[in-house]
Amino acid sequence: MRSFEPVRVGVIGLGDISDVYLRMIARSPALSLAGVASARPDHSEAVAQRLGCMALTQETLLENDDVEVILDLTPTAAHDALNEAILRAGKHLYTEKPLALTKEQAGRLGALARDGGLKAASAPDTFFGASHQKARRLLDAGEIGAPVFGTAFMGNAGVENFHPNPEAFYRYGGSPPFDMGPYYVVQWVNLLGPVRRVAAGSAGTGAPRAIKTGPRSGQSFVVEVPTTYNCILDFDRASVALTLSLDVVAHGRRHMELYGETGLLGLSNPDFFGGEIIISRSHGEQVINVEDLPFGIPNRLTKSGRHVADYRGAGLVDLAIAVRTGVEPRASLDLAVHVVEVVEAMSQSAAMRQSIEIQSDCQRPIPIGARNGDELLLELAASPFDYEENDR
């Protein structure tokens, strides 16, 4: 490994998603955990003691000169104000998705980062995954001809079935476009480039839902937003129909499919890094396995028995490399701002029943392996999971 001084990271927010990031920080030579902060000081103290770092308040973490990058893992509703505070404090930023809740705030954050000479990046980083990178190479090589249209589907029976505190997912900013939408939008931008227009409709009963797991099991809560969105995303090269729903008991749909002039590209779950790719043509079907490729090797067995590749935090490592080398991170600021505008447009279009033209622009992310220094990324982005461990 080339000489690399670890980037000192402070973490704000210690909820459910924090464990995978803390594992990546502990295991990657690119990162060093400087301190943690959360809304519950007792929890911060317990995590800090376990990991051998400082437990700080949000304010003292922002003021700490030893901290170079702040990782924002707070609930989505806090992102607008906190991400602005992080950049105003002169810290580089990596945030859970989305970067902000409105295109106006995302634009302000972009200007703050650029004016301050700061690096900023946002999850999702799942497009780093071997399956999605391979699909990009197959498309660019003309394996299905020119793309014409795509379909994408995310459906489950509701977050309350597996999350102990699901209320935030049924309020503005946590609804399907803002929660799961970024995974799908980023994957389509990776394949097709920026979104140009959005048209959407929404549905849902609006009935209260009951928590079905954890200590609050049985408690009901109010649903404040539609729970199903049907969206059309228009690109320069193709059009995509995307469904995001919390009203699906069972289905037989693929997560993503891209139809071209000469074939079909069947794509894997954008919530993970690996998974099979299928190419279908008139003369038959070909299954492509990526389990031997970087960010495609299964490292986690879920409670449902699925073998998955989960390397969340690779984007944080990529940002650390950007801080040290001056390159732009792949989960870039322009990409993050574009995603915010698109998912906000999904919500607004459904409410207004009219299409929305997208004003922001971005480049397709540079493929893994296409720039100098990517060998460093592959070397420094450790697996945050041990294969024998079970998770959700």
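Bear in mind these aren't lab numbers, they're just calculated from the coordinates by the rules spelled out. Only a predicted model underlies this, so the values are computations on that prediction, with no experimental measurement involved. Positions of Cβ are generated from backbone atoms using ideal geometry, with glycine treated the same way; all protein chains shown enter the neighbour counts.
Between residue 285 and residue 327, what length comes free when the chain is fully extended (0.36 nm per residue of separation minus the Cα-Cα distance, one decimal in nm)?
Numbers: separation 42, 0.36 × 42 = 15.12 nm, distance 3.95 nm.
The span from residue 285 to residue 327 would gain 11.2 nm if fully extended.
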Extend 7 Å from the Cα of residue 19 along its Cα-to-C-beta direction; within segment 347-391, residues with backbone N under 16 Å of that point are 384-391
Here the gain from full extension of residue 146 to residue 254, 0.36 nm per residue of separation minus their alpha-carbon distance, amounts to 36.8 nm
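Is the shape of the chain best called rounded, prolate or oblate, per the rule: a/c under 1.5 gives rounded, else a/b larger than b/c gives prolate, else oblate, with a ≥ b ≥ c the square roots of the Cα gyration tensor eigenvalues? It would help to have the intermediate numbers written out before the result.
On the way: a/c = 1.40, a/b = 1.19, b/c = 1.18.
Taking the square roots of the gyration eigenvalues as a ≥ b ≥ c, the chain is rounded.
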About its Cα centre, segment 129-296 carries a charge dipole, from +1 on Lys and Arg Cβ atoms and -1 on Asp and Glu Cβ atoms, whose size in debye to the nearest 20 is 240 debye
Computed over segment 129-296, the relative contact order (Cα-Cα under 8 Å, seq sep at least six) in percent reads 33 percent
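Divide by every residue of the chain the summed helix terms, -39500 (n - 2.57) for each DSSP H run of at least 4, and state the resulting mean residue ellipticity at 222 nm, rounded to the nearest 500 deg cm²/dmol.
Counting only the DSSP helices, I get -9000 deg cm²/dmol.
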Among 186, 204, 132, the residue whose Cα sits farthest towards the positive end of the charge dipole of segment 129-296, when +1 is placed on the Cβ of each Lys and Arg and -1 on the Cβ of each Asp and Glu, is 204
Whole-Å distance linking the alpha carbon centroid of segment 279-345 with that of segment 93-161 is 9 Å
With a Förster distance of 51 angstrom and the Cβ-Cβ distance between residue 57 and residue 207, calculated FRET efficiency to the nearest 0.05 equals 0.80
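Name the helices (complete DSSP H segments) of the chain with a Cα length along the long axis of 24 Å or more and a Kyte-Doolittle mean of at least 1.6, or state none. Intermediate values should be presented prior to the final figure.
Details: long enough: 333-352 (28 Å, 1.04).
Helices passing the filter in the chain: none found.
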Mean Cβ-within-10 Å packing, highest first, puts peptides 41-54, 263-276 in the order 263-276, 41-54
With no solvent term and unit scatterers on the alpha-carbon positions of segment 129-296, Debye gives log₁₀ I(q)/I(0) at q = 0.16 Å⁻¹ of -0.94
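Give me the Kirkwood hydrodynamic radius of segment 291-359, using the inverse of the mean 1/r over all pairs of distinct Cα atoms, in Å to one decimal. Kindly include the intermediate steps, with their values, before the conclusion.
Working: mean 1/r = 0.0652 Å⁻¹.
For segment 291-359, the Kirkwood estimate is 15.3 Å.
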When the charge dipole of segment 88-162 is computed with +1 on Lys and Arg Cβ and -1 on Asp and Glu Cβ about the Cα centre, the Cα farthest towards its positive end, among 92, 122, 106, belongs to 92
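To the nearest 20 Debye, how big is the dipole of the chain about its Cα centre, given +1 on the beta carbon of each Lys and Arg and -1 on that of each Asp and Glu? Intermediate values should be presented prior to the final figure.
On the way: 36 positive and 48 negative charges, 103 e Å.
Dipole of the chain, to the nearest 20 debye: 500 debye.
May I ask you to compute the full-extension gain from residue 197 to residue 172, defined as 0.36 nm times their residue separation minus their alpha-carbon distance, rounded to one decimal in nm? The partial results should precede the final answer.
Details: separation 25, 0.36 × 25 = 9.00 nm, distance 2.14 nm.
Result: 6.9 nm gained on full extension.
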Check: C-alpha center segment 7-23 vs C-alpha center segment 223-252, spacing in Å is 30 Å
For segment 115-164, listing chymotrypsin sites (Phe, Trp or Tyr not before Pro) in a DSSP loop whose Cβ sees at most 15 other Cβ atoms within 10 Å gives 162
In whole Å, largest first, the alpha carbons of segment 278-392 cover along the principal axes 48, 44, 36
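Using a Förster radius of 22 Å, what is the FRET efficiency between residue 43 and residue 217 based on their Cβ-Cβ separation? Nearest 0.05, please. Show your work: numbers first, answer last.
On the way: r = 21 Å, r/R0 = 0.97.
Efficiency, from the Cβ-Cβ distance: 0.55.
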Taking a ≥ b ≥ c as the square roots of the Cα gyration tensor eigenvalues, with a/c under 1.5 meaning rounded and otherwise prolate when a/b beats b/c or oblate if not, segment 155-228 comes out prolate
Pseudo-spin-label distance residue 348 to residue 372, built 7 Å along Cα→Cβ, given in nm, is 4.2 nm
Assertion target for 95, 57, 325, ordered by fewest C-beta neighbours within 10 angstrom first, is 325, 57, 95
Kirkwood calc, segment 57-160, C-alpha pairs only, radius in angstrom 16.3 Å
Between the alpha carbon centres of segment 32-86 and segment 172-189 the gap in Å comes to 25 Å
For residue 212, the lysines lying under 19 Å Cα to Cα, once residues fewer than eight places off in the same chain are dropped, come out as 303
Neighbour-count ranking for 172, 94, 184 (other C-beta within 10 angstrom, fewest to most) reads 172, 184, 94
Computed about the Cα centre, the charge dipole of segment 59-106 from +1 Lys/Arg and -1 Asp/Glu charges at the Cβ has a magnitude in debye, to the nearest 20, of 260 debye
Once the in-chain neighbours fewer than 8 apart are removed, the lysines whose Cα is under 21 Å from residue 103 read 119
